[in-house]
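Structure, as structure tokens:
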2 protein chains.
Amino acid sequence: MPPHRGHLPQVEQPASLAELARTAIERAILAGTYLPGERLVEERLCEHLGISRPPLREALRQLSFTGIVEHTPRKGVRVMAMTQHDVYEILTFRRELERMALRLALPGLDPGRLDECRAALERMWPVAEAGDEGGLVAAGFEFHLSVIRLAHHKRIEQAFRSMSLQLQLCMAMNNRVRRDVEDLKGNVQRHEELLAVIVTEDRDRIEAAFDAHGNATFVRASLDELEGGSNQSAKWFAGFLDRH
Amino acid sequence: MPPHRGHLPQVEQPASLAELARTAIERAILAGTYLPGERLVEERLCEHLGISRPPLREALRQLSFTGIVEHTPRKGVRVMAMTQHDVYEILTFRRELERMALRLALPGLDPGRLDECRAALERMWPVAEAGDEGGLVAAGFEFHLSVIRLAHHKRIEQAFRSMSLQLQLCMAMNNRVRRDVEDLKGNVQRHEELLAVIVTEDRDRIEAAFDAHGNATFVRASLDELEGGSNQSAKWFAGFLDRH
DNA sequence: CTTTGCACTACTGTATACAGAAGACCGGAG
DNA sequence: CTCCGGTCTTCTGTATACAGTAGTGCAAAG
């Protein structure tokens, strides 16, 4: 048996056209190129992307599974139009997935995975100091993902990944959210406190901290979304906060 | 405005070949026609099913998202081979999704949805009395789904649906499980008690009941899987029970 | 003026065909 | 005898082509 050499980095598979198309469409939707409810015509997209229909269709199917586009038989694909209830679902699902992961991770927290959390947190600081708002969202996602990964649970991780795409879509739809109201360093600070609570391994304190953290993120987002909204919206939102 | 006529039943869309292929392959896998780890060659399946490759590929993609087949770029599709850790993940994910749904459903249980639970439960009795084991599994799934639906949460429902396919695959792999050890009427009884606890709207009691219910199902399943197993397996399983 | 029927257009669903990569098998060298 | 290299087969990834359906607009009848 040869001497141990540590793990070689996995060779990265060349991406298929379907993968490339998926990320391209993903970015376009999140950037607002295609608006919610807009129909995505296959032939048009093929022409834009310079590929043929089979890989494009596959990309659209992948996206429909992540929930950011909607496929109706014989009627094609549309960009998902979010209702208030959808926002409610996405926010609660995210929070509950984190709760779930931490419940499962708690008895005997994996030190290795905890180091990954710390590393993800460290990567947030320079981004925040550079004032890179988009970068901080991505870095924040990586941190939350590292927390999810504490559970060593591929299915939860996968659910979280696809869910977070919908969350990004939410935020892209009202992308004035977090603009000039978010203190970037404060954001990182909040994540740092989260990690500090996690290492205590005290389930109740952790759940409370994550609830508070979620509210700090979502309250602002939802308030912005509802600015100048009807009483109906405000009422819904109040109900949402009350119940959770 | 015309007089209210209630809701017409949705016209059922004619299924596409991809959908038909998906359910056909699904059934074949669950029936054990294709074994875990076995490679699914596209052209072979096309010939068997009498369709061409595009709809078949789409079906395989759908199945890979539900997690019962595994797709590797340029290497094709294999039936998912379950490890002990996969079983652990599926069982815990299922339980946590139910917990999640009930948490969200609890403040103000929807009476209409609760009626659906009762209806699903009623449908279990005749199936159990007929001794139809496979039918009872399906009916039980419908009951659990109706419980999930209490939350009015499409994303949780979708996660539960695809997860339960994996659960069925688990059980199909050791399909001696639940054979001659399951008291069918006792099974329905257990579900009836579950519903009785739900209507109390007491979160702690509900969670305890579902934990117990899950264990009653899974302990037997996992013990059967591990019958005559190594110490390693027993140790893993003991750890699983301890942690949850 | 409203409504119904029809034809047209455009798009999705499906089939066939080709290119390129991965694995198997065989042959030869050390 | 073992191991490396090469060739061949098989299968996936991708492109092109056709069929069938849904939606739209117009025209004609009530």
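The values are calculated or read from the model by the stated rules, or taken from the named source; none is laboratory data. Quick caveat, the model's predicted, so the values are computed rather than measured. Reconstructed Cβ throughout: ideal geometry from the backbone, glycine too, with neighbour counts over all protein chains shown. These area figures cover heavy atoms from the full protein model, side chains too; ligands, DNA and RNA do not enter into them. Shrake-Rupley method; radii C 1.70, N 1.55, O 1.52, S 1.80 Å.
Checking each residue in segment B:72-81 for being over 21 Å from B:Q158 (Cα atoms) and either open to solvent by 50 Å² or more (accessible area, probe 1.4 Å) or out of contact with any Phe, Trp or Tyr (no Cβ under 9 Å at 6 or more places or on another chain) (or both) picks out B:T72, B:P73, B:R74, B:K75, B:G76, B:V77, B:R78, B:A81. When B:G76, B:G112, B:G131 are screened for being over 19 Å from B:S164 (Cβ atoms) and within 16 Å of DNA strand C (Cβ to nearest atom), only B:G76 passes.
Listed here are the residues, each with its yes/no results for (1) within 16 Å of DNA strand D (Cβ to nearest atom); (2) among the aromatic types (F, W, Y); (3) without any contact (Cβ under 8 Å) to a residue 60 or more places away in the chain.
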residue	(1), (2), (3)
A:R78	yes, no, yes
A:L97	no, no, no
A:A105	no, no, yes
A:R113	no, no, yes
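Candidates A:G108, A:G135, A:G131: the one that is part of a loop (DSSP other than H, G, I, E, B) and farther than 25 Å from A:T200 by Cα is A:G131. Restricting attention to segment A:67-93, the residues that are modelled with pLDDT under 90 and away from chain B (no Cβ under 11 Å) add up to 4. The residue of segment A:149-164 that is farthest from the other protein chains (Cβ to nearest Cβ), among those that are in a helix (DSSP H, G or I) and closer than 13 Å to B:E96 by Cβ, is A:F160.
Residue-by-condition table, conditions (1) more than 9 Å from DNA strand C (Cβ to nearest atom); (2) modelled with pLDDT under 90:
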residue	(1), (2)
B:I25	yes, no
B:G37	yes, yes
B:L40	yes, no
B:L45	yes, no
B:L56	no, no
B:L60	yes, no
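Within segment B:82-111, the set of residues being open to solvent by 50 Å² or more (accessible area, probe 1.4 Å) and more than 25 Å from A:F93 (Cβ to Cβ) comprises B:T83, B:Q84. The condition (being over 20 Å from the mean Cα position of the chain (by Cα), within 27 Å of B:A18 (Cα to Cα), open to solvent by less than 60 Å² (accessible area, probe 1.4 Å) and not hydrophobic (A, V, I, L, M, F, W, C)) is satisfied by just one residue among A:E38, A:E47, A:E42: A:E42. You will find that of A:A105, A:A130, A:A101, A:A120, the residue that is in the same structural domain as A:V147 (by TED's automatic domain parsing), of a type in the set (A, V, I, L, M, F, W, C) and more than 27 Å from A:E157 (Cβ to Cβ) is A:A130 and no other. Within segment B:15-42, the set of residues being more than 17 Å from B:V79 (Cβ to Cβ) and not in a loop (DSSP other than H, G, I, E, B) comprises B:L17, B:A18, B:E19, B:L20. Which numbered condition trips up B:R22, out of (1) surrounded by 18 or more Cβ atoms within 10 Å (Cβ to Cβ); (2) within 30 Å of A:L104 (Cβ to Cβ); (3) away from DNA strand D (no atom under 14 Å from the Cβ)? Condition (2) is where B:R22 drops out. Checking each residue in segment A:52-66 for being open to solvent by less than 30 Å² (accessible area, probe 1.4 Å) and either more than 14 Å from every other protein chain (Cβ to nearest Cβ) or touching a residue at least 60 places away in the same chain (Cβ under 8 Å) (or both) picks out only A:T66.
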